[in-house]
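This is the structure I want to talk about, given as structure tokens.
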Amino acid sequence: MNFGILGRVVASLALALSFTASAHAQSQVNLEAAFDRALGTEVRAPQDFSARYDSQLARQIAQIADGSQGRIGVAAIDLATGEEVAVLGDQRFPMASTSKIAIAATFLEGVDQGRWSLSSEFPLMVPVPSKRFSSTVAPVRPGQYFPAADLIEMMITRSNNQATDALLKAVGGPAAVNDWARRAGLREFNLTRDIATLVRDDGEVDPAVAVDLRDSATPREMVRLLQGIHQGQWLSASSRRVILGAMERCRTGTRRIPAMLPAGAIVAHKTGSLNNTSSDIGIISTPDGRTIAVAIYVTGQGTRLNREGRIANIARALYDGYGESAARQYANARYGSAGSTGAGVAAN
């Protein structure tokens, strides 16, 4: 009698479970059908994250900027056509002294607003000896006073750190430069320390194998900085001439962007150097009227000379590549019939 009751109970449970399993299976079928209706039934391959380059020039730059011996970031734009090339263009690199362009721009905005003038005098900020990492900000003392125009000239043409920190202190420190960058739309730019602290504590992170967000920017963002200054987006015409004129007189980095360019090219640039990293950003003006903004950041490569050689090679490849691109556009241009006043449209 008890065994009969037990058997009926077990049978009832089995039947209930079978209904539950059937309902679950039907639910799964309905869910899969919904996915198929929304996304299709073709096989969906996994995403491919390998690097792709849209032009022959981009592929050539990627080969030269091989990062097997350290990270190399490149960004460039033809300011006439808007044609861009980038390799690790959105990855952060140490700005080193290339940040001095943004510091100068921040100060010159104050000149344009009447807060001070190019004849206003400020003291050099001279480092006081201190142990690495012994303080958040490296100690400095006021030195000789110079007019702001001279400080900008020293800061950009000779990369004078004491002159840079003089103007950085005048504008309100790194936070003021970051504020200017944000208002200019430069989101991938971050100045954290003054130059005295940056130099004293240099070497904490190897930029060839690690990304340090402090005092860093992306190559693409630095090209936007150059583009905006060249096009007068943020500063008056006179302030724009101050920065670009000093960049044309730059005396550092003769083995970098200018090294392999033809004699007719004009280079307005600013270099940067720290532990295991060398960089150069600038505007190249060609004899045939083209203007190219370039940012090149090289880490590793064994020696500083090797890093500078990479920069020079990349700059020449960009110069030649953009020249060939312009020639192709000219050769492929379609013109109207005789007497037509309509301009031809270049085929890319």
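The values are calculated or read from the model by the stated rules, or taken from the named source; none is laboratory data. It should be emphasised that the depicted structure is a prediction, and the values quoted were computed from it without experimental measurement. SASA here: full protein model, heavy atoms, side chains in, ligands and nucleic acids out. Shrake-Rupley method; radii C 1.70, N 1.55, O 1.52, S 1.80 Å.
Below 8 Å, C-alpha to C-alpha, sequence gap of six or more: please give me the relative contact order for region 67-210 in percent.
24
I would also like to ask the following. Lys270: which aspartates and glutamates have alpha carbons under 18 Å from its alpha carbon, excluding same-chain residues fewer than 8 sequence positions away?
Qualifying aspartates and glutamates at Cα under 18 Å: Asp150, Glu153, Asp165, Asp194, Asp215, Glu221, Glu248, Asp280, Glu308.
Shifting gears a bit: Send over the per residue convex hull volume for region 87-149, Cα only, as a whole number of Å³.
145
Find the relative contact order for region 217-308 and round it to a whole percent, using C-alpha pairs within less than 8 Å whose residues are 6+ positions apart.
25
Between region 204-246 and region 253-267, what is the separation of their alpha carbon centroids in Å?
One Cα centre to the other: 19 Å.
In addition: Probe 1.4 Å, all protein chains in place: accessible area of Ile266 in Å², nearest 10?
90
Just the Cα atoms of region 216-288, one point each, no solvent: what log10 I(q)/I(0) does Debye give at q = 0.14, 0.20, 0.25 Å⁻¹?
Scattering profile of region 216-288, log10 relative to I(0): -0.47, -0.94, -1.27.
Where the accessible area of region 134-192 is counted over protein heavy atoms with a 1.4 Å probe, how much of it, in %, is carbon and sulfur?
With neighbouring chains kept in place, the figure for region 134-192 is 49 percent.
For Phe107, Phe133, write out the residues from largest to smallest accessible area, computed with a 1.4 angstrom probe and no ligands counted.
Per-residue accessible area, sorted high to low, gives Phe133, Phe107.
Let me ask you something else. Could you sort Ser238, Ser68, Ser278, Ser159 by accessible area so the largest value comes first, with the probe set to 1.4 Å?
Ser68, Ser238, Ser159, Ser278
Arg240 accessible area, nearest 10 Å², 1.4 Å probe?
70
Here's a follow-up. Suppose accessible area is computed on protein heavy atoms with a 1.4 Å probe; arrange Asp179, Asp201 from highest to lowest.
Asp179, Asp201
Okay, moving on. Can you tell me what the convex hull of the Cα atoms of region 172-262 projects to on average, as an area in nm²?
The orientation-averaged projected area of the Cα hull of region 172-262 comes to 7.8 nm².
So which lysines pass the test for Lys169, namely a Cα distance under 16 Å, with those fewer than 8 places away in the same chain ruled out?
Lys169 reaches Lys100.
In µm²/s, what is D for region 93-209 at 10 °C and 1.306 mPa s, where D = kT/(6 pi eta Rh) by Stokes-Einstein and Rh is the Kirkwood radius from Cα pairs?
Approximately 108 µm²/s, per Stokes-Einstein.
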